[in-house]
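Below is one structure, written out as structure tokens; the observations come after it.
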Amino acid sequence: MKATGDFGPAPPGIDLAENQQTQMLGAVITLMTIGTLAVLLRVYTRAKTNQTNFGLDDFLIVASLWFAYGTGICVIISIKYKNGWHQQALTKSDFIALWKLLFAHVFLYSTTVTLTKSSIVMFYRRIFNLRWSLYYAMAVVLGYFIAVIVTISVGCRPTSFFWEQYTDPTAEGTCIDVRQFFLINGIFSVVIDVIILCVPAPIIWNLQMPKSQRVAVTSILLLGGFVCIAGVVRVVFLHKHTQSEDPSWTIAPVFVWSCVEPFVGIVCACLPTFSPLFRRWWAILGIKKSASRKQEDYGSGGTRNRRSRNRESEDEEEGPDGDEVQLTSFPGWPLNFLRGKASRDDVRFSNAKIRVKEEVTISFSVDQR
């Protein structure tokens, strides 16, 4: 295919008919759907659980979802202007429209990841009653947001030079190194995600519980690590973009992963809130299992054999719910919340000590014979 744009002929070996738009559209629509379902399921769980109410963390994640939609819509609109095509296939008007969308995408991306991170921190506050750790984490999150917004707002003077520097040789202005800015922005975003994941770890490991239970609770909260993986992938594509001479081609994965990362973050932020729903499903499965066991024990004749009685005695030694007790019998306010049984009185109760007082009366008689 011959060059159809305003950036000269294609280099040898480049097919100008090649593009990434199908992959872009499929990835964005899939993640938008999954993110929406995660938030709807979170709202449903909150509405159906009497022990927990809607909080600031829930409202922040809903707001984050709306801005995440903005990142997805930017990607979908950018396809019209040949995002994901080789630069030689674009006209200057296409390139200008694409870079304007990129400029807007930075604001939307920064806002949605900030709201998601803030929602996670507020969730920590709800279950762990954080104080100074909360303030430090929020200061880092908000500092990142302010730094990105201010930098991109004043990085180019005039603002139009952000896209005119690539299309108009006569344009006058100054601009920061945009590619390096994107790379540094991505790295800091991943670092902040790691910091947020580490915030509750000292609290969990100081709780008085078996090591296996602390590992289980830590694993639940570390589900947010998936967003770090998405952030690292995004940084890799950002680095490739900084080394590229074909910006309209290499910017396409950056667009996509700048949409994927926020939606993955939203899903990860919602996962720990599904605990009450999972417990309900687990209870239903437990009832069915119990009914099946009774039918097996009694059999058609209605008598229980010795093997079933022995198995029952073993179950009683292990505990009433087997493995489930390992995930639901944690003492204290934070872990009771994860079970969906949050109550401020749990703190006082979990710290209380039970004292048993025994009185023994001894009577005797002396034989004086």
When restricted to Ile176, Ile77, Ile149, the only residue in contact (Cβ under 8 Å) with a residue 24 or more places away in the chain and under 23 Å from the mean Cα position of the chain (by Cα) is Ile149
By residue number, the members of segment 126-146 that are without any contact (Cβ under 8 Å) to a residue 40 or more places away in the chain, within 21 Å of the chain's Cα centre (by Cα) and more than 16 Å from Ala201 (Cβ to Cβ) are Tyr135, Met138, Ala139, Leu142, Gly143, Phe145
Among the residues of segment 236-263, the number that are open to solvent by 30 Å² or more (accessible area, probe 1.4 Å) and either touching a helix residue (DSSP H, G or I) at 6+ places or on another chain (Cβ under 7 Å) or within 22 Å of Ser64 (Cα to Cα) (or both) is 5
Considering residues that are buried (at least 24 other Cβ atoms within 10 Å of the Cβ) and either within 11 Å of Trp163 (Cα to Cα) or among the basic types (Lys, Arg) (or both), the number found within segment 100-123 is 1
When every residue in segment 65-93 that is part of a helix (DSSP H, G or I) and of a type in the set (A, V, I, L, M) is compared, the one farthest from Trp163 (Cα to Cα) is Leu65
Of the criteria (1) farther than 30 Å from Ser118 by Cα; (2) surrounded by 14 or more Cβ atoms within 10 Å (Cβ to Cβ); (3) out of contact with any Leu (no Cβ under 8 Å at 6 or more places or on another chain), which one Lys80 fails:
(2)
Within segment 89-98, does at least one residue satisfy the condition of being closer than 13 Å to Phe263 by Cβ and surrounded by fewer than 21 Cβ atoms within 10 Å (Cβ to Cβ)?
no
What number of residues within segment 233-244 are under 20 Å from Ile176 (Cα atoms) and without any contact (Cβ under 8 Å) to a residue 40 or more places away in the chain?
4
Of the conditions (1) basic (Lys, Arg); (2) free of Cβ contacts under 8 Å to residues at least 40 places away in the same chain; (3) farther than 30 Å from Asp6 by Cβ, Arg157 clears all except one; give me its number.
(3)
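The values are calculated or read from the model by the stated rules, or taken from the named source; none is laboratory data. Computed from a predicted structure; not experimentally measured. Reconstructed Cβ throughout: ideal geometry from the backbone, glycine too, with neighbour counts over all protein chains shown. Side chains are part of the model used for accessible areas, which takes the heavy atoms of the whole protein and leaves out ligands, DNA and RNA. Shrake-Rupley method; radii C 1.70, N 1.55, O 1.52, S 1.80 Å.
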